[in-house]
1. Across the stretch 127-136, which residue is most open to solvent (accessible area, probe 1.4 Å) among those that are over 9 Å from the mean Cα position of the chain (by Cα) and not hydrophobic (A, V, I, L, M, F, W, C)?
2. Give the stretch 182-220 a look and list any residue that's closer than 28 Å to LYS21 by Cβ and of a type in the set (Lys, Arg), or say none.
3. What tally of residues in the stretch 190-200 results from selecting those that are assigned to a loop (DSSP other than H, G, I, E, B) and buried (at least 20 other Cβ atoms within 10 Å of the Cβ)?
4. Is one or more of the residues making up the stretch 51-67 free of Cβ contacts under 8 Å to residues at least 40 places away in the same chain, closer than 17 Å to LEU219 by Cβ and open to solvent by 50 Å² or more (accessible area, probe 1.4 Å)?
5. Could you run through the stretch 172-187 and say how many residues are crowded, with 18+ Cβ neighbours inside 10 Å and in a loop (DSSP other than H, G, I, E, B)?
6. If we keep just the residues of the stretch 146-167 that are within 23 Å of GLU213 (Cα to Cα) and part of a loop (DSSP other than H, G, I, E, B), which is most open to solvent (accessible area, probe 1.4 Å)?
7. Restricting attention to the stretch 48-63, and to residues there that are among the small types (Gly, Ala, Ser) and under 18 Å from the mean Cα position of the chain (by Cα), which single residue is nearest to PRO92 (Cα to Cα)?
Amino acid sequence: MSSSLELSGPTLAPANGAPAKKLVILLHGYGSDGQDLIGLGQYWANAFPHVGFYSPNAPHRCGMNPMGYEWFPLNVERIGADYTRGAESAYPTVRDYVLARTEEAGLKLGDVVLAGFSQGAMMALYTGLRFETPLAGILAFSGKMVDVENAADAIKSKPPVCLVHGEVDDVVPIAGSVEAASALEAQGLDVRLKKCPGTGHGISMDGLEFAAEFLSKQLS
């Protein structure tokens with residue numbers, strides 16, 4: 001198994017000033033950075049004043065955008081194979097980051113929602129389903145399950161999953177979330193899927209509201 005790398009990035013302490021009772025860990029998309037998704041934490045902070053938000057930078061500088069980071073490299077010629085191999089190589093780093101932040105806060109995996117956008121959503125699904133103790137939830141914006149055909153073997157626990165996807169996403173087509181929803185439901189997981197009309201590769205207001213409903217249930 002690949003060794004893991006230490007991640008760092010922006011964090012947001014609970015708005016109520018007390019120690020965090022729950023955590024949301026946000027994994028950014030390909031070529032972006034932690035600063036991009038900590039904005040979701042700022043947006044949700046007042047609604048969830050007991051939650052600490054973490055948005056680490058991915059471990060590698062991005063091959064196509066040296067200003068940003070990547071969880072794994074993308075080879076556009078051989079995209080499918082690269083996703084699974086790439087997610088597998090990044091997995092120990094994401095897993096260890098989640099475990100370290102949880103332990104540091106004196107919490108359990110059942111107090112943590114692992115969320116992500118695009119490549120980060122792929123990593124949230126890949127990593128979150130492999131914990132033997134279920135997370136409080138997995139929230140995936142504009143993502144897919146990279147190893148969907150292997151779902152039965154990959155899933156070690158069954159946290160609730162929320163999938164949010166723009167209907168006109170031409171970067172990661174919505175079929176990725178639809179396919180993930182069917183595969184996860186077939187394995188007995190509680191899955192919520194929100195299709196956002198007119199939205200491309202991004203997070204729309206209706207998607208954010210749907211995600212906030214999911215969070216309020218999982219983080220209460």
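The values are calculated or read from the model by the stated rules, or taken from the named source; none is laboratory data. It should be emphasised that the depicted structure is a prediction, and the values quoted were computed from it without experimental measurement. Methodologically, a virtual Cβ is constructed for each residue, glycine included, from the backbone with ideal geometry; neighbour enumeration extends over all protein chains shown. SASA here: full protein model, heavy atoms, side chains in, ligands and nucleic acids out. Shrake-Rupley method; radii C 1.70, N 1.55, O 1.52, S 1.80 Å.
1. The residue in question is GLU132.
2. Passing the criteria: ARG192, LYS194, LYS217.
3. 1
4. No, the conditions are met nowhere in the stretch 51-67.
5. The qualifying residues number 2.
6. Only one residue fits best here, namely LYS158.
7. Of everything passing the filter in the stretch 48-63, ALA58 is nearest to PRO92 (Cα to Cα).
To keep it simple, each residue is scored yes or no on (1) of a type outside the set (Phe, Trp, Tyr); (2) free of Cβ contacts under 8 Å to residues at least 60 places away in the same chain.
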site	(1), (2)
ALA121	yes, no
ALA136	yes, no
PHE141	no, no
PRO160	yes, yes
